[in-house]
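Engineer: One structure coming up, written as structure tokens, with questions to follow.
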Amino acid sequence: EDLVKLCLDLGQSKQAFQYAERAKSRALLDLLAYRLDVSLKPRSEHDAPLVQDMIQLRAERDRLYRRWESRRVWEENRDVPEGEWSNIQQAIVATEKEITEKWHTLLIRNAEYAREAALWQVRNEEVQPYLDADSILVEYFVIHKQLYVFLVTSDSIEVRILSAKLPMVKRYWNMLRMNLSTVPKSQPKQIRNLSASAKASSLRPLYQLLIAPLQDKLAAYTELIIVPHDVLHYLPFHAFHNGKQFLLEQYEISYLPSASVLRYAREVERDNQKVVAFGYSHQGHLPGRVSESLSIATMMQGEAFVEEKATLNQVRQS
């Protein structure tokens, strides 16, 4: 956060955006590590001790990072020995250096370790070459609870500071979440009132905080690619309401966890396989699921399996 802020203070918008992306790529990589097999495995008995050392070093590095990232909480709640954070910084640098040296040794022994090496590194992908003239990438970033927005087009990167603070956004999100949690227990007549309440108490204020200050820039584009940050990942931007219409009625909207993912979304290879949609209303509690599935199947010239036909066996067969 401090590094992004420093770059912005120096008028270096592109560098600030790159550091914001590095932070998000790091977080994404950490998430992937829990869901994908990115473990490092020795390719020979000779490599086993070195691989084990690297696994232990990575665990230690991650422990140090977590301690460093929680420093403000520690300082607020307990006394911290003088020089503690400086020592942790030095330990992180030393650990990273040792990991790099061991990687070099492994890669010299066997170039096939290159895939694992790539997964352990933090890197950015180019974004602007993958944006067309009608698209704008809207990337939010939180710096000390203040919201910043990077507006990225094919030929420019602009930064805006929003008046909204993160606690204010969280408050509206909590109100929306309470509203949504009430819907499954409500009668059809009450749902209409809940919908109106959600627009007035949450969706319109969120529009005013997060989208309205950008409209002078967004108006020239038809596609918004939204990259949230922090609690903004939970917000339904497409459902934000300006008092007359939803944001989805104004723009084509998509989401990315990190702008660096855009390249892989754009370059995905399409094949001739058909779209298969599944919709189950959970005994009428989610009636929109069936109609949505049928609409998607029709739109994409695919096939829909709804209600009793939406079975696990059918998913496997499809």
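The values are calculated or read from the model by the stated rules, or taken from the named source; none is laboratory data. Not measured: the values here are computed from a predicted model. Cβ sites come from the backbone with ideal geometry, for glycine too, and all protein chains shown count toward neighbours. The protein model used for the area step is the full one, side chains on, heavy atoms only, and it has no ligands, DNA or RNA in it. Shrake-Rupley method; radii C 1.70, N 1.55, O 1.52, S 1.80 Å.
Engineer: Taking all protein chains as present, what is the carbon and sulfur share of the accessible area of the chain, in % to the nearest whole number, probe 1.4 Å? Each step should come with its number before you reach the end.
Structural biologist: Values: 10140 of 19710 Å².
Ligands and nucleic acids excluded, carbon and sulfur reach 51 percent.
Engineer: Kindly write out, for region 129-141 in residue order, the coupling ³J(HN,Hα) from the Karplus curve 6.51 cos²θ - 1.76 cosθ + 1.60 (θ = phi - 60°), rounded to whole Hz, with x marking Gly and Pro.
Structural biologist: Per-residue couplings from phi come out as x, 9, 9, 8, 5, 9, 10, 9, 8, 10, 10, 8, 8 Hz.
Engineer: Starting from the 7 Å offset along Cα-to-Cβ, what nm value, one decimal, do you get for the label separation of Glu307 and Ser291?
Structural biologist: Label at Glu307, label at Ser291, 1.5 nm between them.
Engineer: Convert 4 °C to kelvin, take the viscosity as 1.567 mPa s, use the Kirkwood radius over C-alpha pairs of the chain as Rh, and evaluate the Stokes-Einstein diffusion coefficient in µm²/s, rounded to a whole number.
Structural biologist: Numbers: Rh = 23.4 Å.
Rounded to a whole number, D works out at 55 µm²/s.
Engineer: Explain nothing, just compute: Karplus ³J(HN,Hα) = 6.51 cos²θ - 1.76 cosθ + 1.60, θ = phi - 60°, for every residue of region 307-316 in order, whole Hz, x for Gly and Pro.
Structural biologist: 6, 5, 8, 8, 9, 5, 4, 5, 4, 5
Engineer: State which entries of Lys24/Lys145; Lys97/Lys145; Lys24/Lys170; Lys14/Lys199; Lys5/Lys97 exceed 24 angstrom in Cα-Cα distance in the structure shown.
Structural biologist: Working: Lys24/Lys145 16 Å; Lys97/Lys145 32 Å; Lys24/Lys170 20 Å; Lys14/Lys199 36 Å; Lys5/Lys97 26 Å.
Beyond 24 Å: Lys97/Lys145; Lys14/Lys199; Lys5/Lys97.
Engineer: What residues have an amide H closer than 5 Å to that of Leu147, excluding those fewer than 5 places away on the same chain, when H is modeled at 1.01 Å from N in the peptide plane?
Structural biologist: Leu162, Leu166
Engineer: Rule-of-thumb check for region 191-318: C-alpha Rg over 2.2 N^0.38 Å?
Structural biologist: Numbers: Rg = 17.8 Å, N = 128, 2.2 N^0.38 = 13.9 Å.
Normalised Cα radius of gyration, region 191-318: 1.28.
Engineer: At Arg192 and Gln245, where each label point lies 7 Å from the Cα along Cα→Cβ, what is the point-to-point distance in nanometres?
Structural biologist: Distance between label points: 2.4 nm.
Engineer: For Arg58 and Glu126, FRET efficiency with R0 = 25 Å and r from the beta-carbon atoms, rounded to 0.05?
Structural biologist: E between Glu126 and Arg58, to the nearest 0.05, is 0.35.
Engineer: Any idea of the accessible area per residue across the chain, 1.4 Å probe, to the nearest Å²? Intermediate values should be presented prior to the final figure.
Structural biologist: Values: 19710 Å² over 318 residues.
It amounts to 62 Å² per residue over the chain.
Engineer: Using a 1.4 Å probe and counting only protein heavy atoms, arrange Tyr264, Tyr207 so the residue with the most accessible area comes first.
Structural biologist: Largest accessible area first, the residues go Tyr264, Tyr207.
Engineer: Ordering Glu139, Glu223 by how much accessible area each has at a 1.4 Å probe, largest first, what is the list?
Structural biologist: Values: Glu139 0, Glu223 20 Å².
From most exposed to least exposed: Glu223, Glu139.
Engineer: Could you check the simple spin-label distance between Glu252 and Gln15, using points 7 Å along Cα→Cβ, in nm with one decimal?
Structural biologist: About 3.6 nm, to one decimal.
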